[in-house]
Protein chains: 2
Amino acid sequence: MGNGTSAVVDAAQRARVAAADLAPLARATKDAALHAIAAALENRTAELVSANADDVARAADAGTSPAIVDRLTLTAERIAAIAADVRHVAGLPDPVGEVLRGSTLPNGLDLRQVRVPLGVVGIIYEARPNVTVDAAALCLKSGNAVLLRGSSSAYSSNTALVAVLRDAIAAAGLPADAVQLVPGESRDSVTELMRARGLVDVLIPRGGASLIRTVVEGSTVPVIETGTGNCHVYVDAAADIDMAVDILVNSKAQRPSVCNAAETLLVHRDIAARFLPRALDALADAGVTVHGDPAVLAAAEASGTKAAVIAATDEDWATEYLSYDLAAAVVDSLDAAVAHIRRWSSGHTEAIVTSSQPAARRFTQLVDAAAVMVNASTRFTDGGQFGFGAEIGISTQKLHARGPMGLPELTSTKFVVTGDGHTR
Amino acid sequence: MGNGTSAVVDAAQRARVAAADLAPLARATKDAALHAIAAALENRTAELVSANADDVARAADAGTSPAIVDRLTLTAERIAAIAADVRHVAGLPDPVGEVLRGSTLPNGLDLRQVRVPLGVVGIIYEARPNVTVDAAALCLKSGNAVLLRGSSSAYSSNTALVAVLRDAIAAAGLPADAVQLVPGESRDSVTELMRARGLVDVLIPRGGASLIRTVVEGSTVPVIETGTGNCHVYVDAAADIDMAVDILVNSKAQRPSVCNAAETLLVHRDIAARFLPRALDALADAGVTVHGDPAVLAAAEASGTKAAVIAATDEDWATEYLSYDLAAAVVDSLDAAVAHIRRWSSGHTEAIVTSSQPAARRFTQLVDAAAVMVNASTRFTDGGQFGFGAEIGISTQKLHARGPMGLPELTSTKFVVTGDGHTR
């Protein structure tokens with residue numbers, strides 16, 4: 001635990017008190033607060049847009065890329081969409097109170113395992129003001145207090161948003177300290193948050209690989225690692241070629257900037273000569289540059305494809321491009337594909353395209369990842385697609401939660417044991 | 001990740017390879033290996049007792065307390081009991097492959113969330129050779145490779161035990177490297193294990209508070225915190241006094257050295273004058289020394305109890321005695337009891353004794369602990385008592401597992417998504 005007088009520790013202590021008040025709240029009370037937030041966001045749109053304009057101007061002055069400035073920008077339409085998302089969260093089932101198991105023990109004790117909030121959740125994220133509201137809504141719905149540590153480049157926006165959130169929940173009778181911006185814009189405040197063990201129950205970093213690595217390695221608070229996706233599409237010897245081309249192009253190019261986009265193609269040797277010419281042309285049409293191993297380079301040359309194909313290095317197998325680039329290799333067998341994946345995968349999503357039931361079964365058994373796709377695009381690994389209704393992130397670790405995390409993943413459990421004077 | 005050439009990292013890398021082989025194994029194969037272990041422990045008892053004698057002699061020479069030497073000692077009878085425990089684990093259901101949820105999504109994709117092994121589990125523990133076998137059996141059953149880091153004072157025993165385990169599983173066709181003793185007796189090997197992120201999936205420290213604190217604060221590998229129990233018994237105004245005395249004495253004195261023993265008594269002011277004289281006499285009969293607040297001291301004096309009652313300090317409220325000592329305070333209300341617990345509890349087990357349904361409901365809602373007992377002894381928080389069949393430890397953290405951990409808590413999950421060419 002950090003210095004007891006620091007602003008971050010003070011915020012965490014107030015969050016802890018608020019969390020104790022939130023834990024027993026009925027769903028109706030929490031949902032009313034979420035509807036109050038949605039209305040307040042709409043009512044105070046002008047104030048939010050104005051605060052955001054300061055951040056946008058600063059970012060533009062600093063020469064920030066247009067894509068990042070766009071992600072940072074709030075408009076009336078975007079605020080309305082954020083408010084709609086909050087109302088959607090209000091409509092989701094409350095995970096708190098769900099009985100996960102229950103039985104009467106042989107000695108007559110009644111045992112129930114019940115979902116309870118985690119307590120205080122810390123979110124560390126980049127310059128996306130929508131995450132501020134989104135994360136706060138999901139934490140409140142699941143009965144947790146939240147400490148928000150956004151990018152300093154969105155500080156003005158986040159300050160305005162959190163003021164709106166706090167006013168709204170206070171008016172709804174909830175403790176305002178259930179939602180707080182972590183004080184301070186410097187890196188020190190992140191460090192203090194990472195060291196607030198005993199006050200903060202979990203940290204969820206959302207953002208690039210270096211942010212996540214920093215938090216994972218420096219935190220004494222338990223961390224849920226999210227979002228790094230070095231995803232593979234393996235085209236088996238028994239693949240339907242049309243299907244394989246569709247799945248590959250969709251996995252790579254439908255939205256290359258996200259963690260569930262594919263980064264590497266692995267092709268079984270027995271189908272490479274028929275599959276690769278078709279695949280390379282389709283990738284070229286999608287604007288994808290291929291980083292190929294010698295076999296892929298040879299196939300490209302032999303087929304006279306229009307695709308841009310350059311030689312891959314070991315670094316390519318390790319890279320999450322998040323761009324219109326794809327590493328590609330020919331493998332001798334399904335087991336060789338599995339071995340490649342085991343070596344280089346980040347454990348996010350791996351896909352096989354095959355018409356062989358034994359191949360599908362072996363691949364799903366041997367590949368160790370949050371999600372394994374059989375004859376489907378890697379792009380389906382998503383809380384919305386999976387029907388979870390909401391997503392706080394996609395966990396690529398094995399502890400607590402793996403894959404898309406919805407509201408239940410923001411809870412812990414408690415055993416409640418009831419007797420009538422039982423002793424051992 | 002540590003130095004690639006170190007013996008610990010090398011062991012972890014071999015464990016990782018073994019874990020990949022274990023993951024898809026059928027239950028029958030794993031159970032056969034467990035039965036082979038049990039038979040080998042019995043067949044090689046003489047060898048194990050002899051190796052253990054070296055540790056026992058060293059411990060005795062070093063002036064180790066008789067209680068700890070006793071825990072360290074292996075006899076033929078104890079080895080037979082350990083073998084029986086391994087056979088019991090073989091008889092438990094296999095958690096791997098259990099489908100936790102499954103549905104067909106609106107687009108026709110089949111979604112299944114399936115239990116899979118965690119991978120490589122590290123166990124750091126004290127001078128209890130039985131834990132070596134017990135932890136290995138639970139990890140194998142759940143498809144995990146295990147790295148065992150026992151106390152250096154049990155090194156000879158553990159080396160012999162792990163040799164027996166490895167021979168037995170290799171003879172049963174499993175990779176021997178699925179069970180390894182962490183090489184090296186120095187503290188450095190613990191540090192390297194804690195830094196083997198990416199190779200080790202979870203560390204479970206089992207032992208005293210300082211060991212657990214060291215691991216929790218120094219580890220980059222995810223940790224499951226276990227075993228610290230500053231447990232409270234709250235006697236409500238509406239308690240049945242006979243029941244409250246029984247539960248209190250059982251919680252404190254049935255086995256004071258374990259984490260689910262009670263350490264603090266809280267008594268509602270309205271029942272204190274009737275309850276405390278009875279309770280103090282019963283505690284005296286059980287050999288318990290009471291560390292009381294002024295109200296308890298006054299009650300003791302007024303009642304003329306034979307109990308040993310001394311003045312409590314703040315340190316008493318924080319202490320896990322693990323001995324025949326009990327802190328005791330009078331509180332003004334149920335909410336004051338909850339506030340005391342919130343401040344001092346380690347979140348293990350908290351009990352209320354009451355005949356009031358609203359009081360029981362409020363206490364179970366407000367108290368944040370792995371287990372909350374209503375009219376039952378704190379001593380029931382235990383994997384065996386809860387019917388889990390086995391226990392690798394009792395988690396006092398909120399992430400991944402909370403309370404007694406059985407075989408399912410040694411698993412993660414994987415989403416398997418099956419389509420017929422689905423793209424977004």
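The values are calculated or read from the model by the stated rules, or taken from the named source; none is laboratory data. Values in this document were obtained by computation on a predicted structure and should not be read as measured data. Quick reminder, even Gly has a Cβ in these numbers, built from the backbone with ideal geometry, and neighbours come from all protein chains shown. Accessible surface is based on the protein model in full, side chains and every heavy atom, while ligands, DNA and RNA are left aside. Shrake-Rupley method; radii C 1.70, N 1.55, O 1.52, S 1.80 Å.
Kindly list the number of the only condition in (1) in a loop (DSSP other than H, G, I, E, B); (2) in contact with a strand residue (DSSP E or B) (Cβ under 6 Å, 6 or more places away or on another chain); (3) within 9 Å of chain B (Cβ to nearest Cβ) that fails for A:THR364.
Result: A:THR364 fails condition (1) only.
What tally of residues in the stretch A:252-283 results from selecting those that are away from chain B (no Cβ under 14 Å), open to solvent by less than 60 Å² (accessible area, probe 1.4 Å) and among the aliphatic types (A, V, I, L, M)?
Going through the stretch A:252-283 one residue at a time, the tally reaches 9.
Can you name every residue in the stretch A:394-405 that is surrounded by fewer than 23 Cβ atoms within 10 Å (Cβ to Cβ) and either of a type in the set (Gly, Ala, Ser) or out of contact with any Leu (no Cβ under 6 Å at 6 or more places or on another chain) (or both)?
A:GLN397, A:LEU399, A:MET405
Could you pull out the residue among A:SER356, A:SER345 that is more than 23 Å from A:THR396 (Cβ to Cβ) and more than 11 Å from chain B (Cβ to nearest Cβ)?
Among A:SER356, A:SER345, only A:SER356 is more than 23 Å from A:THR396 (Cβ to Cβ) and more than 11 Å from chain B (Cβ to nearest Cβ).
In this structure, is B:THR289 touching a residue at least 12 places away in the same chain (Cβ under 8 Å), surrounded by 22 or more Cβ atoms within 10 Å (Cβ to Cβ) and either touching a Phe, Trp or Tyr at 6+ places or on another chain (Cβ under 9 Å) or under 19 Å from B:LEU334 (Cα atoms) (or both)?
So B:THR289 fails the test.
Just to be sure, is B:GLU315 farther than 18 Å from A:GLY421 by Cβ, more than 14 Å from chain A (Cβ to nearest Cβ) and part of a helix (DSSP H, G or I)?
Considered against the rule, which asks whether it is farther than 18 Å from A:GLY421 by Cβ, more than 14 Å from chain A (Cβ to nearest Cβ) and part of a helix (DSSP H, G or I), B:GLU315 comes out as yes.
Among (1) out of contact with any helix residue (DSSP H, G or I) (no Cβ under 6 Å at 6 or more places or on another chain); (2) open to solvent by 40 Å² or more (accessible area, probe 1.4 Å), which single condition is B:ARG14 missing?
Unmet for B:ARG14, out of (1) out of contact with any helix residue (DSSP H, G or I) (no Cβ under 6 Å at 6 or more places or on another chain); (2) open to solvent by 40 Å² or more (accessible area, probe 1.4 Å): (1).
Which of the residues spanning the stretch A:413-424 are assigned to a strand (DSSP E or B) and either closer than 14 Å to B:MET243 by Cβ or among the charged types (D, E, K, R) (or both)?
A:LYS414, A:THR418, A:GLY419, A:ASP420, A:GLY421, A:HIS422 - these are the residues of the stretch A:413-424 that are assigned to a strand (DSSP E or B) and either closer than 14 Å to B:MET243 by Cβ or among the charged types (D, E, K, R) (or both).
Would you point out the residue of the stretch A:402-412, among those that are facing another protein chain (nearest Cβ under 10 Å) and in a strand (DSSP E or B), that is farthest from the chain's Cα centre (by Cα)?
For the stretch A:402-412, the residue satisfying everything is A:SER412.
Test A:ALA51 against the stated conditions and say whether it is surrounded by 17 or more Cβ atoms within 10 Å (Cβ to Cβ), closer than 28 Å to A:GLY173 by Cα, assigned by TED's automatic domain parsing to the domain that holds A:VAL179 and not basic (Lys, Arg).
Taking the combined requirement at face value, the residue satisfies it.
Would you call A:SER346 modelled with pLDDT of 95 or more and surrounded by fewer than 24 Cβ atoms within 10 Å (Cβ to Cβ)?
no
Answer with yes or no whether A:GLU320 is in a helix (DSSP H, G or I) and of a type in the set (Asp, Glu).
Taking the combined requirement at face value, the residue does not satisfy it.
Output the residues belonging to the stretch A:322-341 that are modelled with pLDDT of 95 or more and of a type outside the set (Gly, Ala, Ser).
Residues satisfying the conditions are A:TYR324, A:ASP325, A:LEU326, A:VAL330, A:VAL331, A:ASP332, A:LEU334, A:ASP335, A:VAL338, A:HIS340, A:ILE341.
Table: residues versus (1) without any contact (Cβ under 8 Å) to a residue 60 or more places away in the chain; (2) more than 7 Å from every other protein chain (Cβ to nearest Cβ); (3) not basic (Lys, Arg).
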residue	(1), (2), (3)
A:ARG379	no, no, no
A:ASP382	no, yes, yes
A:ILE394	no, yes, yes
A:HIS400	no, no, yes
A:LYS414	no, no, no
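Return the only residue of A:VAL179, A:VAL162 being under 17 Å from A:LEU34 (Cα atoms) and surrounded by fewer than 23 Cβ atoms within 10 Å (Cβ to Cβ).
Sole residue among the options that is under 17 Å from A:LEU34 (Cα atoms) and surrounded by fewer than 23 Cβ atoms within 10 Å (Cβ to Cβ): A:VAL162.
Got a number for residues in the stretch A:71-90 being over 18 Å from A:ALA135 (Cβ atoms) and surrounded by 11 or more Cβ atoms within 10 Å (Cβ to Cβ)?
4
Which residues, counting only those in the stretch B:194-219, are in contact (Cβ under 8 Å) with a residue 12 or more places away in the chain, open to solvent by 10 Å² or more (accessible area, probe 1.4 Å) and within 11 Å of chain A (Cβ to nearest Cβ)?
Those that are in contact (Cβ under 8 Å) with a residue 12 or more places away in the chain, open to solvent by 10 Å² or more (accessible area, probe 1.4 Å) and within 11 Å of chain A (Cβ to nearest Cβ): B:ARG195, B:ARG197, B:GLY198, B:ASP201, B:GLY218, B:SER219.
I need the full set of residues from the stretch A:109-139 which are more than 19 Å from the chain's Cα centre (by Cα) and facing chain B (nearest Cβ under 10 Å), in order please.
Result: A:LEU109, A:ASP110, A:LEU111, A:ARG112, A:GLN113, A:VAL114, A:VAL116, A:PRO117, A:GLY119.
List pairs: first residue in the stretch A:258-272 and free of Cβ contacts under 8 Å to residues at least 60 places away in the same chain, second residue assigned to a helix (DSSP H, G or I) anywhere in the structure, Cβ distance under 7 angstrom, at least six positions apart or on different chains.
Matching pairs, first to second residue: A:ALA272/A:ALA295; A:ALA272/A:ALA299.
Among (1) surrounded by fewer than 22 Cβ atoms within 10 Å (Cβ to Cβ); (2) within 14 Å of chain B (Cβ to nearest Cβ); (3) within 25 Å of the chain's Cα centre (by Cα); (4) not acidic (Asp, Glu), which single condition is A:SER142 missing?
Unmet for A:SER142, out of (1) surrounded by fewer than 22 Cβ atoms within 10 Å (Cβ to Cβ); (2) within 14 Å of chain B (Cβ to nearest Cβ); (3) within 25 Å of the chain's Cα centre (by Cα); (4) not acidic (Asp, Glu): (1).
How do the pairs read when you match residues in the stretch A:235-246 that are more than 13 Å from chain B (Cβ to nearest Cβ) with residues anywhere that are open to solvent by 40 Å² or more (accessible area, probe 1.4 Å) and at pLDDT 95 or above, using Cβ under 7 Å and keeping only pairs 6 or more apart or on different chains?
A:ALA237/A:ASP270; A:ALA238/A:SER355
Just a yes or no: is a residue in the stretch B:402-424 touching a His at 6+ places or on another chain (Cβ under 9 Å) and among the aliphatic types (A, V, I, L, M)?
Taking every residue of the stretch B:402-424 in turn, none turns out to be touching a His at 6+ places or on another chain (Cβ under 9 Å) and among the aliphatic types (A, V, I, L, M).
If a residue must be in contact with a helix residue (DSSP H, G or I) (Cβ under 8 Å, 6 or more places away or on another chain) and in a helix (DSSP H, G or I), how many such residues does the stretch A:51-79 contain?
Number satisfying all stated conditions: 14.
Could you list all residues from the stretch A:295-330 that are in contact with a Phe, Trp or Tyr (Cβ under 8 Å, 6 or more places away or on another chain) and either open to solvent by less than 30 Å² (accessible area, probe 1.4 Å) or of a type outside the set (A, V, I, L, M) (or both)?
Answer for the stretch A:295-330, where residues must be in contact with a Phe, Trp or Tyr (Cβ under 8 Å, 6 or more places away or on another chain) and either open to solvent by less than 30 Å² (accessible area, probe 1.4 Å) or of a type outside the set (A, V, I, L, M) (or both): A:TRP317, A:ALA327, A:ALA329.
Taking B:MET405, is it at pLDDT 95 or above, within 24 Å of A:PRO106 (Cβ to Cβ) and outside the structural domain of B:ILE241 (by TED's automatic domain parsing)?
yes
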